[in-house]
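So the structure is just underneath, and the comments pick up after that.
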Amino acid sequence: MDLTSRLANISGRQTSAVPAAAPPGAAVPATPVPRPAPRVLPPVPIAPPNDALARLKDRVAKALFERMGARLNDPSLGEDQLRTLVLGELDEVVEEEKVPLSAEERARLTAELADDVLGLGPLQRLLDDDTVSEVMVNGPDTVYVEQSGKLVRSAARFTSEEHLRRVIDRIVSRVGRRIDESSPLVDARLADGSRVNAIIPPLAFSGSTLTIRKFAKDPFGVEDLIGFGTLSPEMAELLQGCVEARLNVIVSGGTGTGKTTLLNVLSSFIPEGERIVTIEDAVELQLQQDHVVRLESRPPNIEGRGAVTIRDLVRNSLRMRPDRIVVGECRGGESLDMLQAMNTGHDGSLSTVHANSPRDAIARLETLVLMAGMDLPLRAIREQIASAVDLVVQLTRLRDGTRRVTHVTEVQGMEGETVTLQDAFLFDYAAGVDAGGRFLGKPVPTGVRPRFVERFADLGITVSPRVFGMPEPTRSRGWAG
């Protein structure tokens, strides 16, 4: 089923309007399968510092680590073997302590210690909770999580700075990295793809700090973003046409606005049969096509050698016969290589950039190109950007915690020394907020037809006139009449 049919189906469910009759011979849209409800785990039962069970847990943990020794890191032991070994040793240590425990207390003690030894300690339950999208540890006693776009403080805590450091060491050791005073910060990736940043003293003054951006097991699709209000059906239809027409698209937004999620959705519009090369600092994109090459940068080793940067990978990708290049984020000199690729036959490329508006995104690209060290005149850089980039999609996280596309902006070219932009969609803030503080507005078309629609006509790609807020004509070249 094409996107237009799916969006029409979604739009019909969201309003009470009677759906229009399908034309003769048209496929009847299938009812989409609802997404499973996210797992919401009960609050983590964390004992206060003076709880006798907490003190017992600390003693048992130390005794367990002493008994296990090097066996905890024995590569010949599988996960199941290690768990069996740990639980057996744990039972013996608890018996040796000779402390009377109820069945509930013993189960709690065993579960928490198993998480400490085999998992990520008090963070394990937060990572297992599907409603938590990010975990932020600001020292052993302070853990925040992001839920539904809002930051809230969790009851989880670590028993000590040493406990937190053990968990950090476990994370980085699994990916072959190390963290110590000589190398006090690390970017890493968990087995499920979640992105991790850790920084320890002396750089982290308030104690070791850990940030985990969770990796969605079931990536959001275009229907999900429409349901969340991030996109409108008309906007989604336009963006699909832009990707199919091989326009170069930049997704712009601040930290945590959902740029990677939207980039993943845009990449789903790339037709099957094209060779796609993705380039990221830490692999997050989950493309559904078969012919995908995934490249990931590499930091330097402890001697400061062996680094492979995003710029190196962008240059190398040009020798890999790509039909599409998808760069997770432009944040340095690779921006120049990306623009040159866009201008030399590798159209249809996608990337993201940190900026607060489409105009800021253009200025940000200018700055990033200057970081390449080529000493290019500013006008030449702007001409490269105006020639390479066709569309800027701006994401914003609003005060209610929702992520919305607030601009879909065409890059039209140069006028004097300025890159000219034209908005096709803008977010309507005038609708206000409801009683719960949620914004009632939505993206609305400006009524201006972008110039690139002529390219749609040449390629036989049709979009409805309603996408641009125009009345239905009897027949219009490049549009569905």
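Below is a table of values for the structure above.
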read-out	value
Distance between modelled label sites at ARG438 and ARG315, nm, 7 Å Cα→Cβ extension	4.9
Apportionment of accessible area to carbon and sulfur, region 333-438, percent (1.4 Å)	48
Karplus-derived 3J(HN,Hα), 6.51/-1.76/1.60, for each residue of region 376-392, Hz, glycine and proline x	7, x, 4, 5, 5, 5, 5, 5, 4, 5, 5, 7, 8, 8, 9, 8, 10
Selection from VAL249, SER194, GLN286, by position along the positive dipole direction of region 161-286 (Cβ)	SER194
Distance between region 359-427 and region 272-299 - C-alpha centres, whole angstrom	24
For region 137-178, size of Cβ-based charge dipole, Lys and Arg +1, Asp and Glu -1, in debye	200
Additional length obtainable on full extension of the chain from VAL308 to ASP224, 0.36 nm per residue less Cα span	26.7 nm
HN-Hα J in Hz across region 146-151 - Karplus 6.51, -1.76, 1.60, θ = phi - 60°, x for Gly and Pro	9, 10, 6, x, 10, 8
About the Cα centre, charge dipole magnitude for region 347-458 (Lys/Arg +1, Asp/Glu -1 at Cβ), debye	480
Backbone N within region 116-139 under 19 Å of label point (7 Å from PHE205 Cα along the Cβ vector)	137-139
Segment SER173-ASP130, extension gain: residue separation times 0.36 nm, minus the distance between their alpha carbons	13.0 nm
Region 139-236 - percent of accessible surface contributed by carbon and sulfur, probe 1.4 Å	53
Distance violations [Cα-Cα > 26 Å] among LYS150/LYS214; LYS150/LYS259; LYS62/LYS214	LYS62/LYS214
Integer Hz, Karplus 6.51/-1.76/1.60 couplings in order for region 258-268, x for Gly and Pro	x, 4, 5, 4, 5, 4, 5, 5, 4, 5, 5
Gain on full stretching of the segment that runs from SER160 to THR255 - 0.36 nm per residue minus C-alpha separation	31.2 nm
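The values are calculated or read from the model by the stated rules, or taken from the named source; none is laboratory data. Here the structure is a predicted model, which is why all the values come from computation and not from measurement. All Cβ positions, even for glycine, are placed from backbone atoms using ideal geometry, and neighbour counts span all protein chains on display. With ligands, DNA and RNA removed, areas are computed over all heavy atoms of the protein, side chains included. Shrake-Rupley method; radii C 1.70, N 1.55, O 1.52, S 1.80 Å.
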